[in-house]
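Worksheet for the structure shown next.
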Amino acid sequence: MPILNRAAELQNEVAEWRRHLHRNPELLFAVENTASFVEKKLKEFGVDEVVTGLGRTGVVGLIRGNLGSGRTIGLRADMDALPITETSGKPWASQTSGKMHACGHDGHTAMLLGAAKYLAETRNFAGSVAVIFQPAEEGGGGGNEMVKDGMMERFAIEEVYGMHNMPGMPIGHFGSRVGPIMASTDEFTITIKGRGGHAAQPHKTIDPIIVGTQIVTALQTIASRTVDPLASVVVSVTKFNAGFAHNVIPEEAVLGGTVRTLVPEVRDIGEGRIRTIAEGVAALYGATVNVAYNRNYPVTVNHAEETGYALRAAAEIAGTSNVKPSLDPMMGGEDFSYMLIARPGAFVFMGNGETAGLHHPAYDFNDEAIPHGISYWVKLAETRLAA
Ligand code: NI
């Protein structure tokens, strides 16, 4: 079955919403205007309940089906933009310098609104659909905040589903996989304290730059000599700040970086080895270190049964040959991971065609994807909640 007729009819209207959101990007939890746009639309559609202020600025709409009682499933979109200045040149480009929808969350929000409109009109399912609009996907953990705010219990949500667009994948194509699909994204900061002094008298100093360079080198052995080569891990030092003059050995050097993995146990190994290596190398030279390790988003792990439902709904819309059931996992992070820890569910990708990549200043969500995304959400709800 191809896209739904009604979803095709909705494309222009939903594209208008999407372009409105694109012109008016908001960051992290400060998505007040986006959230009130979503709230207003959900009320216009006549959904049964609209709750705002979940996880600070999240919105949930509850739509009850006409085919009797049943379970409640959650469909989730993200609302926030990125601190990037847009260069797309599109007529609907961001009106705020330094903020843009460079990850397509404008498209995700508009498509889920389109699906909510359709589902509120037709209600051709048993049980209920909770449409979830979350703030702060790009670093603030808004999904986690909504879970901590009791969203799952409040709406009796039993399963959750998420979707993200993917540049480079053709329009109308979908992909997902059972198990880990996105990485955990931890951050570390290593502060090395040595003893500063004259560059011409290095024997009277403890040079934190020498200590830092050897820590950077030794950290490479986490991926190459500590973790099983078949498990995925990235340890990247992305910051090295020290010194201020050509003739001064500084007191301090600060390293920063990220650890990413698809295997939850590898996070423990990574954190442990970073501390051991930093402390061991510093001790070797008489320096001291402080290691701050921040566990950010966990691994996004798709549940087997729910991934099956999601892939079958996608295949009904796109055709089996246009759905990849074993997409390669990615080392980027997603805070939908918190919802998948709270409830079983699945995260899928949908093609955005040949556009600039995610987080690129020339990126734009592809409005041609809108009827495919709406059709997927509707088909998933109607098949998973069949009477
Ligand atoms: Ni995104």
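The values are calculated or read from the model by the stated rules, or taken from the named source; none is laboratory data. What you see is a predicted model; the values in this text were computed from it and never measured. Every residue, glycine as well, gets a Cβ built from its backbone with ideal geometry; the counts of neighbours run over all protein chains shown. Areas reflect the complete protein model, heavy atoms only, side chains present, ligands, DNA and RNA absent. Shrake-Rupley method; radii C 1.70, N 1.55, O 1.52, S 1.80 Å.
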Next on the checklist: So, in the stretch 342-361, exactly how many residues are away from the ligand (no atom under 16 Å from the Cβ) and either without any contact (Cβ under 8 Å) to a residue 60 or more places away in the chain or in a loop (DSSP other than H, G, I, E, B) (or both)?
Outcome noted: 4
Checklist outcome for this item: Residue pairs within 7 Å by beta carbon, gap of at least six or interchain, first lying in the stretch 98-111 and assigned by TED's automatic domain parsing to the domain that holds GLU39 and crowded, with 24+ Cβ neighbours inside 10 Å, second part of a strand (DSSP E or B) and aromatic (Phe, Trp, Tyr), listed first then second, are THR109/PHE133
Checklist entry - Looking at this structure, is ARG64 open to solvent by 60 Å² or more (accessible area, probe 1.4 Å) and touching a Pro at 6+ places or on another chain (Cβ under 7 Å)? => result no
Next on the checklist: Any residue at all in the stretch 130-146 that's farther than 22 Å from ASN165 by Cβ and crowded, with 24+ Cβ neighbours inside 10 Å?
Outcome noted: no
Checklist entry - Just one of GLY179, GLY175 is surrounded by fewer than 18 Cβ atoms within 10 Å (Cβ to Cβ) and of a type outside the set (S, T, N, Q); which is it? => result GLY179
Item to check | Criterion: at pLDDT 95 or above, out of contact with any Gly (no Cβ under 9 Å at 6 or more places or on another chain) and more than 16 Å from the ligand (Cβ to nearest atom) - qualifying residue of GLY114, GLY196, GLY127, GLY104 | outcome: GLY196
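If we keep just the residues of the stretch 211-220 that are open to solvent by 20 Å² or more (accessible area, probe 1.4 Å) and touching a strand residue (DSSP E or B) at 6+ places or on another chain (Cβ under 9 Å), which is nearest to VAL266 (Cα to Cα)? Quick ask: steps written out before the conclusion?
The initial filter retains those residues of the stretch 211-220 that are open to solvent by 20 Å² or more (accessible area, probe 1.4 Å), namely 213-214, 216-218, 220.
Checking which are touching a strand residue (DSSP E or B) at 6+ places or on another chain (Cβ under 9 Å) leaves us with 213, 216, 220.
Values: THR213: 24, VAL216: 19, GLN220: 15 Å.
Out of the qualifying residues, it is GLN220.
What number of residues in the stretch 138-167 are within 15 Å of the ligand (Cβ to nearest atom) and either within 24 Å of ARG312 (Cβ to Cβ) or touching a Leu at 6+ places or on another chain (Cβ under 9 Å) (or both)? Give the steps one after another, and end with the answer.
Filtering the stretch 138-167 for residues within 15 Å of the ligand (Cβ to nearest atom) gives 138-143, 162-167.
Narrowing further to those that are either within 24 Å of ARG312 (Cβ to Cβ) or touching a Leu at 6+ places or on another chain (Cβ under 9 Å) (or both): 138-140, 142, 162-167.
Result for the stretch 138-167: 10.
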